[in-house]
Amino acid sequence: MPPKWAIVVHGGAGAIERAHLKPEQEAAYRAALTRVTQAGAEVLKTGGLALDACETAVRLLEDDPLFNAGRGAVFTAEGRNELDAAIMEGRTLAAGAVAGVTRARHPITLARAVMERSPHVMLIGKGADDFAADQGEELVEPFHFHTARRWRSLTNFLKAENLPIPPEPVGADRPDPAHGLAHDEGKHGTVGVVALDIHGDVAAATSTGGTTGKRWGRVGDSPLIGAGTYASNAGCAVSATGTGEYFIRLTVARDISALVEMKGLSLQAAVDEVVQHRLTALGGDGGVIAVAPNGDVAWSFNTSGMYRAMSVESRPMSVGIYKDEV
């Protein structure tokens with residue numbers, strides 16, 4: 001019998017190798033991935049929606065400073081945290097997304113509000129922040145997202161690029177709870193979740209702080225439906241992480257779903273075709289997670305590592321970091 005529910009989580013892909021992570025760092029990431037995946041699985045085990053499981057898990061990742069989303073997001077060249085997120089459900093193809101938000105504690109929840117409480121799919125910048133306030137979403141001061149290591153990454157980047165270093169945000173002197181544990185995954189920091197519920201519906205959700213030192217209002221693939229996030233019951237649900245400009249050009253998430261729906265490829269064959277062949281051929285790097293309505297789950301990445309975990313009905317949970325792990 002195929003599994004009735006499944007959930008897959010990622011915390012970003014990039015230069016993640018055993019030689020680069022101390023034992024305590026590796027343990028912290030594995031524990032975080034386990035905790036988040038278990039929380040999403042509990043939603044599914046009790047008959048909850050795939051959409052709810054995705055939002056629940058991503059909210060936890062947004063609150064965890066180990067990851068580049070929400071608390072712990074990277075900084076723009078102007079010294080701001082500008083957050084992007086998207087969510088989509090596969091039964092109706094309903095979707096919501098936000099980009100460049102600065103006040104919503106949980107951008108993924110704001111993206112869902114756009115989907116369910118507005119006539120639009122995507123809101124950006126001040127408009128998205130204003131919508132969050134109008135809808136009573138939880139707002140925080142910008143320093144909530146600040147972590148010392150991300151600020152150091154920004155200053156190092158700006159020095160290397162010979163760009164001015166902005167003043168550090170007010171209120172940024174709080175202790176960093178991930179001090180000594182967080183690892184710099186490079187420019188591929190994103191979090192995402194895909195899920196299948198007992199009703200046969202799939203969903204996907206992705207959230208990110210973007211890339212360190214981004215300028216001019218840059219937006220990557222994460223909040224773009226079809227690029228970094230996509231879900232369709234006719235195909236599959238996909239969440240991506242990587243160098244967004246390549247994922248946008250290839251419409252990675254939608255193409256994977258189309259290969260399943262229209263070409264009849266297995267889920268693993270579809271993600272490998274797009275990531276290992278098309279993305280790699282274009283010079284892009286990163287990875288994806290995916291789940292199909294038949295209970296198949298898959299991931300694929302062409303970097304040295306990707307933080308990832310999956311839980312499927314009647315199977316042991318799987319947590320991985322490095323390329324050579326199943």
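Converting phi to 3J(HN,Hα) with the Karplus coefficients 6.51, -1.76 and 1.60 and the offset θ = phi - 60°, segment 259-266 yields 5, 6, 6, 9, 9, x, 5, 5 Hz in sequence order, with x at every glycine or proline. Take the Kirkwood radius over Cα pairs of segment 202-284, plug it into Stokes-Einstein at 20 °C and 1.002 mPa s, and you get 167 µm²/s for translational diffusion.
Taking every DSSP helix (H) stretch of at least 4 residues in the chain, weighting each as -39,500 (n - 2.57) and dividing the sum by the residue count yields a mean residue ellipticity at 222 nm of -9000 deg cm²/dmol. Distance between the pseudo-spin-label points of Ala31 and Ile198 (7 Å out from Cα toward the beta carbon): 3.2 nm. Among the GluC sites (Glu not before Pro) in segment 242-326, those placed in a DSSP loop whose Cβ has at most 15 other Cβ atoms within 10 Å are Glu325. Give me the angle, in degrees from 0 to 90, between the Cα long axis of helix 107-117 and the longest principal axis of the Cα atoms of the chain, rounded to the nearest 10. In the chain, helix 107-117 runs at an angle near 60 degrees to the longest axis. Compute the angle between helix 50-62 and the longest alpha-carbon principal axis of the chain, please, reported from 0 to 90 degrees and rounded to the nearest 10. Between helix and principal axis, roughly 30 degrees.
For the chain, the fraction of 1.4 Å probe accessible surface lying on carbon and sulfur atoms is 54 percent. Exposure check, 1.4 Å probe, all protein chains in place: Asp272 carries approximately 50 Å² of accessible surface. Considering only beta bridges that DSSP places wholly inside the chain, some 90 percent are antiparallel. Over segment 56-101, the hull volume per residue, using the convex hull of the C-alpha atoms, is 74 Å³. Backbone phi angles across segment 63-78, fed through the Karplus curve with coefficients 6.51, -1.76 and 1.60 (θ = phi - 60°), yield HN-Hα couplings of 8, 9, x, 5, 10, 8, 6, x, 5, x, 5, 6, 9, 6, 4, 8 Hz in residue order; Gly and Pro are listed as x.
Assign one of three labels to segment 91-136, namely rounded, prolate or oblate, based on the Cα gyration tensor with a ≥ b ≥ c the square roots of its eigenvalues; rounded applies when a/c is under 1.5, prolate when it is not and a/b is larger than b/c, and oblate otherwise. Taking the square roots of the gyration eigenvalues as a ≥ b ≥ c, segment 91-136 is prolate. Measuring nothing but how far apart in sequence close Cα pairs (under 8 Å, 6+ apart) lie, relative to its length, the chain scores a relative contact order of 26 percent. Near the amide H of Ala203, within less than 5 Å, lie the amide hydrogens of Gly90, Ala195, all on another chain or at least 5 residues away, with H placed in the peptide plane. Phi-derived couplings, Karplus 6.51 cos²θ - 1.76 cosθ + 1.60 at θ = phi - 60°, listed residue by residue for segment 152-161: 4, 4, 5, 4, 5, 5, 5, 4, 5, 8 Hz, with x used for Gly and Pro. One Cα centroid belongs to segment 217-286, the other to segment 114-132; the line between them spans 24 Å.
Accessible area per residue was computed with a 1.4 Å probe on protein heavy atoms; Arg71 scores about 20 Å². Mean separation of Cα pairs under 8 Å and 6 or more residues apart, divided by the residue count, gives segment 22-108 a relative contact order of 19 percent. With both labels modelled 7 Å from their Cα along Cα-to-Cβ, the Thr92 to Asp63 distance reads 2.8 nm.
Based on every Cα atom in the chain, Rg and the maximum pairwise Cα distance Dmax equal 18.0, 59 Å.
The values are calculated or read from the model by the stated rules, or taken from the named source; none is laboratory data. Since the model is a prediction, treat every value here as computed from it, not as a measurement. Every residue, glycine as well, gets a Cβ built from its backbone with ideal geometry; the counts of neighbours run over all protein chains shown. What goes into the accessible areas is simple: the full protein's heavy atoms, side chains included, and nothing from ligands, DNA or RNA. Shrake-Rupley method; radii C 1.70, N 1.55, O 1.52, S 1.80 Å.
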